[in-house]
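Before any comments, here is the structure.
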Amino acid sequence: MSTRPEVSIATAQEAIAAAIPERPAIVFRDRRFTYADWNERTRRLANHLIGLGLGCHTPRSALPGHASGQDHLGLYLYNGNEYLEGMLGAYKARVAPFNVNYRYVDEELVYLLNNARTRGLIYHAEFAPRVAAIRAQVPTLEFLLQVADDSGEPLLPGAMEYEAALAAASPAAPRVESSPDDLYILYTGGTTGMPKGVLWRQSDILFAALGAGAHSSLEALVAAARNGGMRMLPAAPFMHGAGHWIAFSALNGGHTCVIQSDVKRLDGRDIWGTCAAEQVNFLQIVGDAFARPLLDELDTAARSDRPYSLPALQIVLSGGAPLNASLKNQFLGHFPALNVIDGLGSSETGGQGSHVSTREAGATTGRFMPGPDNVIVDADMTRVLAPGHEGMGWWAKRGRVPLGYLDDAEKSARTFIDIAGERYAVPGDRARQLADGSVELHGRDSVTINSGGEKIFAEEVEHALKAHPDVYDAVVAGRPSERWGSEVVGIVRLKPGSSVSAAALIQALDGHLARYKLPKDIVFRDEIVRSPSGKADYRWAREQALAG
């Protein structure tokens, strides 16, 4: 029986940097970092963190799957070299970094940082006022690294400026040895709407989602990196797996990770201009919400007789949300030789499958070819179904899967199950595998709404709605949106005698929910249909949302 390779992310990157030190690793605005630069900067950050006393305190073998024996470092940053350095530098110090959604309001931020038992935080200066407002509510938070930006915000008391910290730290290899068992943490929302930290062994996520999956050893990974050289632009925020998975896939492949200049909003001119200037081969986006403004800019440029020259562009990958077939065809109309790929995956599985559209093959949506170790299990989650099975099952992943959810044994046991002595991750997608091996995806069985690449959980929005003094009851559903893919709609029953407007109700939620979670519409009904047990009837709710 062959044994699978066990490699930490830090070990892989040290070896790749030694093999190709002069190749460009990261390009961001006017900054260009070779693999040697990237290696030195991440070593300096690691040594700074080690000097603060951060690291690994309990070996993995002494812990249950849902527990962490490492210190945790929050990354409260826009895209940039600092985000990627924060991840790798932490790994080299045996510290577990995690993603912080920069759209969160204070309540959400406090919950996340406390749930993660955060000891350190790297943040852009723009967020300094919010960090100052909530830091006293996070008792574990001791160390702050502030990244300078154009906001003009002064350095917070007790914080250290990021570049100063790197300059003062040693460029030598850290005097700790990373382990394949060290943690990679990715925060995502739970079914109750509260964020959950998915815990992976680094070796498992490296091969499941960060670009090493095709290789049988560290030596093979490094050999492939020597032959790398693509230029890849992940346009999605690095605070989501969809963004930093592609960034690290680039870096683990010996490629160059290119970052667009405007990282606060989606600017089609900026992204296409960066692709043209840097001769990008691979562009990653998130579903229709990214595709539409990018296509609008291509159309505008073509009408103005200034079309973009993008001869190097080979691949547009949508990760995090599928692309509508009509938009795929529009991309192919602009770039006939392009491969348009839907990449399917989740925080709990890594990569799961893909669908490739070309001008010759045509474009469709909703059917994927599964990757290795991806299967469909039956409705009771007791057996693996053969291709061509009857009825609907659950899309599942075996082999390299997460350890669990941070400090949540119950939810870990529901998602990461045992079938015939083998461990599977079953994140909740309903699917059917056809006789030809392709998988027909029918969507998350829970009430997740994917709006513009953001996963929004209906129950969280419902709780916020029902906290309003004029609301008697509420459910939330998604409905199709040309701009966002899906949009959030609240179905609300008011208290007798109340007459609050939809606009006023939505406005009242601002400050309790991140803005992207706010309903785009409110539909008022005299009754909310529920089951005898009190559970919402989401089929009915969706009908009301569509009717509204």
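What to note about this one:
- Selection of strands (runs of 3 or more DSSP E) fully inside segment 253-329 by the criterion of at least 2 residues being more than 24 Å from residue 241 (Cα to Cα) returns nothing.
- When each of 318, 357, 326, 309 is tested for being among the polar types (S, T, N, Q), free of Cβ contacts under 8 Å to residues at least 40 places away in the same chain, farther than 24 Å from residue 425 by Cβ and surrounded by 21 or more Cβ atoms within 10 Å (Cβ to Cβ), the lone residue that passes is 357.
Table: residues versus (1) over 26 Å from residue 285 (Cβ atoms); (2) assigned to a helix (DSSP H, G or I).
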residue	(1), (2)
65	yes, no
68	yes, no
73	yes, no
85	no, yes
139	yes, no
158	yes, no
165	yes, yes
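- Qualifying residue in segment 218-233 (condition: assigned to a helix (DSSP H, G or I), closer than 21 Å to residue 354 by Cβ, of a type in the set (Gly, Ala, Ser) and assigned by TED's automatic domain parsing to the domain that holds residue 85): no
- Among the conditions (1) modelled with pLDDT of 95 or more; (2) under 20 Å from the mean Cα position of the chain (by Cα), the only one that residue 142 does not satisfy is (2).
- Segment 111-161, subset aliphatic (A, V, I, L, M) and out of contact with any helix residue (DSSP H, G or I) (no Cβ under 9 Å at 6 or more places or on another chain), residue nearest to residue 29 (Cα to Cα): 125
- The residues listed here are 451, 531, 486, 438; of these, the one that is modelled with pLDDT of 85 or more and surrounded by fewer than 20 Cβ atoms within 10 Å (Cβ to Cβ) is 438.
- For the residues 493, 515, 483, the requirement of being among the charged types (D, E, K, R) and farther than 24 Å from residue 286 by Cβ singles out 493.
- You will find that of 131, 147, 176, the residue that is β-branched (Val, Ile, Thr), in contact (Cβ under 8 Å) with a residue 24 or more places away in the chain and either within 24 Å of residue 64 (Cα to Cα) or outside the structural domain of residue 89 (by TED's automatic domain parsing) (or both) is 176 and no other.
- Residue check for residue 188: of a type in the set (Val, Ile, Thr), surrounded by fewer than 18 Cβ atoms within 10 Å (Cβ to Cβ) and either modelled with pLDDT under 95 or under 18 Å from the mean Cα position of the chain (by Cα) (or both): no
The values are calculated or read from the model by the stated rules, or taken from the named source; none is laboratory data. Just so we're clear, the structure is a prediction, and the values are computed from it rather than from any experiment. Because the Cβ atoms are built from the backbone with ideal geometry, glycine has one as well, and the counts that use them run over all protein chains shown.
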